[in-house]
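One structure is given below, encoded as structure tokens.
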Amino acid sequence: MQTPKERGFFFPAEWHKHDSTWLSYPHNEASFPDKIHTIFPSYNLFIHELAKGERVNINVPNEKMKLRVENELAKLNTNMSNICFHFFETNDAWCRDHGPAFLINGKGERIVVDWEYNAWGGKYPADKDNLIPEKIASYLDLELVKAGIVMEGGSVDFNGKGSLITTTSCLLNKNRNPHLNQQQIETKLCDYYGVENIIWLEAGIDGDDTDGHIDDMVRFVREDSIIAAVESNRRDANYEPLQRNLKLLKQCRLQDGKQPTIIELPMPSAVVWQDQRLPASYANFYISNNAVIVPTYRCSPDNKAVYILEECFKDRQVLGIDSTEIIWGLGSFHCLSQQEPSA
């Protein structure tokens with residue numbers, strides 16, 4: 001059987017036009033201990049902004065939650081004609097990782113690649129989350145292709161032209177695919193994401209329980225340009241790993257053999273709750289049809305980060321939304337969302 005790549009399918013860049021964004025509405029109190037009620041103002045504002053430019057598909061467990069969310073969104077004067085609810089139960093809210101991977105080709109066709117999902121190496125229950133790609137593919141009447149290995153959407157980022165960035169700390173971790181070596185994993189990435197060039201970085205940021213997701217550190221902002229989070233405080237735990245990744249980025253090449261433009265993005269001031277360092281980062285932004293939605297953290301680097309991203313995305317509004325409460329769940333707006341690209 002031919003692979004998606006052999007059939008001409010590929011995972012487009014996030015700035016490719018969306019048909020919709022998929023979300024799994026937060027309901028697992030264990031993910032936001034003692035604070036889940038505090039995240040909803042920012043989360044609902046995120047939905048409100050998305051709905052200005054695209055359909056927002058929201059997975060909820062039951063009618064009661066649907067009615068509550070509808071009411072909260074209506075209070076924000078959200079474009080409710082762009083909101084669609086689905087009674088698809090999930091274990092948690094992190095749709096970037098448990099949601100479907102949509103691939104397109106040049107013929108106006110789409111498929112869904114269903115990677116296995118084990119909640120970052122078996123750290124949490126994932127039985128309901130792991131069924132989401134199949135449910136969404138069925139709802140959209142799209143072909144479902146099973147890749148057969150564990151993979152999370154937050155562990156990879158794409159320029160849509162054949163290059164993918166990831167980390168060894170995550171994809172080579174023995175809690176994911178212990179039976180595969182680096183070359184075998186590269187083959188799967190190329191075959192099932194439709195890429196040809198893998199850029200490997202190393203460790204993730206402090207407080208990240210995913211073992212080093214790329215979307216907290218390094219993102220494509222154009223086909224030939226990459227933003228890289230950097231920490232200016234040499235005594236901070238993130239200084240050395242981010243400097244190592246920056247050095248590797250400066251040595252890397254894109255699919256065409258050219259060196260990418262590297263744009264440095266500051267890290268926010270450390271966010272700590274109950275003596276726990278949280279993985280706060282501006283790199284966890286989400287690119288929607290109309291806007292780039294950036295997590296902010298009530299600290300002085302917020303404005304600089306938004307300005308840098310404004311320079312990267314001149315065709316979209318760059319909008320900061322407070323993620324100080326949301327980051328207690330150890331993720332932010334990119335982690336919470338998965339784009340459905342137009343064919």
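The values are calculated or read from the model by the stated rules, or taken from the named source; none is laboratory data. Quick caveat, the model's predicted, so the values are computed rather than measured. Note that we place each Cβ from the backbone using ideal geometry, even for glycine, and neighbour counts take in every protein chain shown.
Some observations on this one:
- Residues located in the stretch 289-300, provided they are crowded, with 17+ Cβ neighbours inside 10 Å and either without any contact (Cβ under 8 Å) to a residue 12 or more places away in the chain or farther than 25 Å from GLU54 by Cβ (or both): TYR297
- Taken as a whole, the condition of being farther than 17 Å from LYS161 by Cα, among the charged types (D, E, K, R), modelled with pLDDT of 95 or more and under 18 Å from the mean Cα position of the chain (by Cα) applies to ASP215.
- Scanning the stretch 56-69 for any residue that is surrounded by fewer than 20 Cβ atoms within 10 Å (Cβ to Cβ) and under 26 Å from PRO12 (Cβ atoms) turns up nothing.
- Matching entry among GLU49, GLU63, GLU14 (being modelled with pLDDT of 95 or more, charged (D, E, K, R), in contact with a His (Cβ under 9 Å, 6 or more places away or on another chain) and on the phi < 0 side of the Ramachandran plot): GLU14
- Counting only strands (runs of 3 or more DSSP E) that fall entirely inside the stretch 19-128 and contain at least 3 residues that are of a type outside the set (Val, Ile, Thr), in contact with a strand residue (DSSP E or B) (Cβ under 7 Å, 6 or more places away or on another chain) and under 19 Å from SER342 (Cβ atoms), the qualifying elements are 101-104.
- Some residue of the stretch 147-160 being surrounded by fewer than 17 Cβ atoms within 10 Å (Cβ to Cβ) and farther than 21 Å from ILE185 by Cα: no
- Residues (without any contact (Cβ under 8 Å) to a residue 24 or more places away in the chain, under 21 Å from GLY160 (Cα atoms) and among the basic types (Lys, Arg)) located in the stretch 234-255: LYS250
- Among residues of the stretch 296-309, those that are touching a strand residue (DSSP E or B) at 6+ places or on another chain (Cβ under 7 Å) and within 18 Å of GLU264 (Cα to Cα), counted: 8
- For the stretch 268-296, filtering for residues that are assigned to a loop (DSSP other than H, G, I, E, B), on the phi < 0 side of the Ramachandran plot and more than 15 Å from the chain's Cα centre (by Cα) leaves 7.
- Qualifying residue in the stretch 314-334 (condition: hydrophobic (A, V, I, L, M, F, W, C), more than 18 Å from the chain's Cα centre (by Cα) and surrounded by 14 or more Cβ atoms within 10 Å (Cβ to Cβ)): no
- Just so you know, in the stretch 129-147 the residues that are not hydrophobic (A, V, I, L, M, F, W, C) and not in a helix (DSSP H, G or I) include one that is nearest to LEU330 (Cα to Cα), and it is LYS146.
- Scan of the stretch 78-117 for residues that are within 19 Å of CYS170 (Cβ to Cβ) and either hydrophobic (A, V, I, L, M, F, W, C) or surrounded by fewer than 21 Cβ atoms within 10 Å (Cβ to Cβ) (or both), ordered by number: TRP94, CYS95, ALA101, VAL113, TRP115, GLU116
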